[in-house]
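Working notes for the structure below.
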Amino acid sequence: MCGIVGYVGKQQAVPIILEGLKRLEYRGYDSAGVCVQNGRKLKVEKKAGRVDNLAKKIARHHLTGTTGIGHTRWATHGGVTDANAHPHLSSDGKFALVHNGVIENFAQIKAFLARKGYTFRSETDTEVLCNLIAYHFAKEPAVKGQSRFLESVRKTLRHVEGTYGIAALCVDFPEEIVAARKASPLILGVGDNEYIIASDASALVSHTQNVVYLKDGELVHLTPSAFTLSTLDQADVSPVVDTITWSVTDADKGKYPHFMLKEIFEQPAALENAMRGRFAADGSTANFGGLNITPAEFATMERFMFCACGTAWHACLVTEHLIERFARIPVEVDYASEFRYRNSPLDPRTLFFVISQSGETIDTLAALREAKRKGHRVMAINNVVGSSIAREADGGIYQHVGPEIGVASTKAFTSQLLIGAMVALYVARMRDMSFSDGVQYVNALKSAPDLVRQALKLAPRIKAIAKRYAKFHDMLFLGRLSLFPIALEGALKLKEISYLHAEGYPAAEMKHGPIALISKKCPTVFFAPSGELFNKLVSSMQEIKALKGPIIAIVTAGAKLPKGLADEVITLPDCHEAVLPIIASIPVQLLSYYIAVERGCDVDKPRNLAKSVTVE
Ligand code: F6R
């Protein structure tokens, strides 16, 4: 959580930093601030509230300077106040710091610094870190050929426990920034005699597509004409400059009122990108370039374990269903946050997978490390290229869906479902699935983008339904088999963006408790696709009807519901089992979106939530 941006170059820093902070607001938006180096002074402006508040405040003051840092905050230490907003200044006024992460030993450091006469204006761990830099700077001797600024930051970070992505300014070193990372993302944009450091590429892609992904434990020292990379142990690092393959328009809302709606409508293209080049020439199986495990090794695996958080965990559940159904290999799914502490016994022939859009979710990263520590190979299904999870995994599959900015995950989720379905196919074809079944499966996956396009045409009808249901306070989502996780996902989407209470259950579990909730005040979104369980689903719906519960049924074309059973019927095209969860996600995404809009909620920035959860 939190987004940081720093600029050094020939242009005015503030407009570039503000533009970057706007793009990073999905990471935190309770307060924002900037600091520019202006001659021999550090000038700070910061304010509780959104970046726009800060921009209005800055417009009244002239904040000029070609070197600066900025921050958009998601409060972890200290309440949401102007004083707690970043950047923080050291008490001697020499340093300014922005920080994303948590300093775990800040209380001891604060007590130590207080004894040395340092004072604090905020409740944050960041101000403590900033003062520790000042403390080391005061003690640091000037050594020829070394930057005293860089060395004092390096020394400070050696004493710090916890996580950080930081960028610092020093009043004695105009036109310089020192930045560093440990477990919080940081990317350097390499321009023409200018550099931008940011938590995420969306903050810099309008200026340059050439980037260096900083690794954990690395520091970067920036001046307008050069940058150097080094480690906490003072070893030089040769930078690898990568090129971002997407452009700034991918990170804009375009004609859409919200990123979430834009990303919902991007799903056909996102699915095409996620599967491009990933089918074998004979058209009967999937093909992955980055697994770093041979098909022969893969075939020896006797069990899979999937870990993730939130929406990505729902993608794990669908993948579990498809792998067990088509490949007949046992799969276990766990919340990453539970797995990391559970000390679960794992057979050596277990292949471990994590799924994470951002690749920075701290619990998922910790689960990956725990699995590696136990000697397992870990594969990552991940969207953000160069993320911590992508780098630490032994192999993986990129989602290739471009930046997902809306806090509520949509296109990343359906592409995870698609990739999960492809993994199931890949393993199934190594085992019992026939060539012709494989071809049929591949063709079904290839039809997914068109089926999603058809489902998206239901948007006006779903919008009208949302208007009728936005006034309710509770909602149930029921589904079976691979649609049970989609029921969970529908409930999560509704909760997170419209603040309604919603729960997802396997439809047949209803009678074991949730049925007590049914009344005319609690509608049920019921997945009832055609298939062998259809009659059982109809019976469950009849029970709800008898209790006067309103029903929004999501069916497929071949499913003929008794007349009058459901209050609303949303009909999706019939499709292959591997594709059904993807298609069934569309109406629940749209329903949550339109209900949230109808209730006047801030869809892209739901309260209490940030896009990537990089603290425990
Ligand atoms: C919900 C949502 C979250 C994320 C979860 C994991 O819409 O987006 O539940 O799925 O925080 O995030 P990643 O996938 O980045 O690890």
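A compact table of results
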{"item": "Among the candidates Ala226, Ala270, Ala235, residue that is hydrophobic (A, V, I, L, M, F, W, C) and either closer than 30 Å to Ala459 by Cβ or in the same structural domain as Ile381 (by TED's automatic domain parsing) (or both)", "result": "Ala270"}
{"item": "Failed item, numbered, when Asn608 is tested on (1) more than 17 Å from Phe413 (Cα to Cα); (2) surrounded by fewer than 23 Cβ atoms within 10 Å (Cβ to Cβ); (3) touching a Gly at 6+ places or on another chain (Cβ under 9 Å)", "result": "(3)"}
{"item": "Checklist (1) in a helix (DSSP H, G or I); (2) touching a Gly at 6+ places or on another chain (Cβ under 9 Å); (3) buried (at least 20 other Cβ atoms within 10 Å of the Cβ) applied to Ala269, failing item", "result": "(3)"}
{"item": "Residues that are of a type in the set (Ser, Thr, Tyr) and surrounded by fewer than 22 Cβ atoms within 10 Å (Cβ to Cβ), drawn from region 196-217", "result": "Ser206, Thr208"}
{"item": "Filtered residue count, region 7-29, keeping only those that are closer than 20 Å to Ala180 by Cβ and either assigned to a helix (DSSP H, G or I) or not assigned by TED's automatic domain parsing to the domain that holds Gly78 (or both)", "result": "6"}
{"item": "Out of Lys457, Lys463, Lys495, Lys467, sole residue that is in the same structural domain as Leu572 (by TED's automatic domain parsing), surrounded by fewer than 22 Cβ atoms within 10 Å (Cβ to Cβ), within 16 Å of the ligand (Cβ to nearest atom) and modelled with pLDDT of 95 or more", "result": "Lys495"}
{"item": "From the options Ala424, Ala408, Ala412, residue that is small (Gly, Ala, Ser), buried (at least 24 other Cβ atoms within 10 Å of the Cβ), assigned by TED's automatic domain parsing to the domain that holds Phe339 and away from the ligand (no atom under 13 Å from the Cβ)", "result": "Ala424"}
{"item": "Number of the exception - Ala85 against (1) surrounded by fewer than 23 Cβ atoms within 10 Å (Cβ to Cβ); (2) in a loop (DSSP other than H, G, I, E, B)", "result": "(1)"}
{"item": "Selection count, region 376-392, where residues are assigned to a helix (DSSP H, G or I) and within 14 Å of the ligand (Cβ to nearest atom)", "result": "4"}
{"item": "Filtered residues of region 340-357 (kept if of a type outside the set (Val, Ile, Thr) and touching a strand residue (DSSP E or B) at 6+ places or on another chain (Cβ under 8 Å))", "result": "Arg342, Ser344, Leu346, Asp347, Arg349, Leu351, Phe352, Phe353, Ser356, Gln357"}
{"item": "Residue identified as within 35 Å of the chain's Cα centre (by Cα), modelled with pLDDT under 95 and surrounded by fewer than 23 Cβ atoms within 10 Å (Cβ to Cβ) among Glu543, Glu509", "result": "Glu509"}
{"item": "Index of the failed condition, Leu425 passing every other in (1) in contact with a strand residue (DSSP E or B) (Cβ under 8 Å, 6 or more places away or on another chain); (2) more than 26 Å from Gly310 (Cα to Cα)", "result": "(2)"}
{"item": "Residue within region 133-142 that is assigned by TED's automatic domain parsing to the domain that holds Pro224 and closer than 30 Å to Lys611 by Cβ present", "result": "yes"}
{"item": "Residue list for region 373-393, restricted to those being surrounded by fewer than 24 Cβ atoms within 10 Å (Cβ to Cβ) and modelled with pLDDT of 95 or more", "result": "Val378"}
{"item": "Segments classed as helices (runs of 4 or more DSSP H), wholly inside region 301-375, with at least 3 members that are closer than 26 Å to Leu580 by Cα and within 11 Å of the ligand (Cβ to nearest atom)", "result": "310-322"}
{"item": "Boolean, Val569 is hydrophobic (A, V, I, L, M, F, W, C) and without any contact (Cβ under 8 Å) to a residue 24 or more places away in the chain", "result": "yes"}
{"item": "Condition check for Ala502: in contact (Cβ under 8 Å) with a residue 12 or more places away in the chain and assigned to a helix (DSSP H, G or I)", "result": "no"}
{"item": "Residue in region 30-45 that is in a loop (DSSP other than H, G, I, E, B) and crowded, with 18+ Cβ neighbours inside 10 Å present", "result": "yes"}
{"item": "Region 272-294 - residue that is closer than 30 Å to Leu590 by Cβ and among the hydrophobic types (A, V, I, L, M, F, W, C) and, of those, surrounded by the most Cβ atoms within 10 Å (Cβ to Cβ)", "result": "Ala274"}
{"item": "Where Phe484 falls short, out of the listed (1) over 23 Å from Pro529 (Cα atoms); (2) part of a helix (DSSP H, G or I); (3) of a type in the set (Phe, Trp, Tyr)", "result": "(1)"}
{"item": "Residues (crowded, with 22+ Cβ neighbours inside 10 Å and charged (D, E, K, R)) located in region 325-339", "result": "none"}
{"item": "Pair list, Cβ < 6 Å and 6+ apart or interchain, from region 406-423 residues that are in contact (Cβ under 8 Å) with a residue 24 or more places away in the chain and in a helix (DSSP H, G or I) to residues that are within 13 Å of the ligand (Cβ to nearest atom) and of a type in the set (Phe, Trp, Tyr)", "result": "none"}
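The values are calculated or read from the model by the stated rules, or taken from the named source; none is laboratory data. Because the structure is predicted, anything quoted here is derived from the model rather than measured. Quick reminder, even Gly has a Cβ in these numbers, built from the backbone with ideal geometry, and neighbours come from all protein chains shown.
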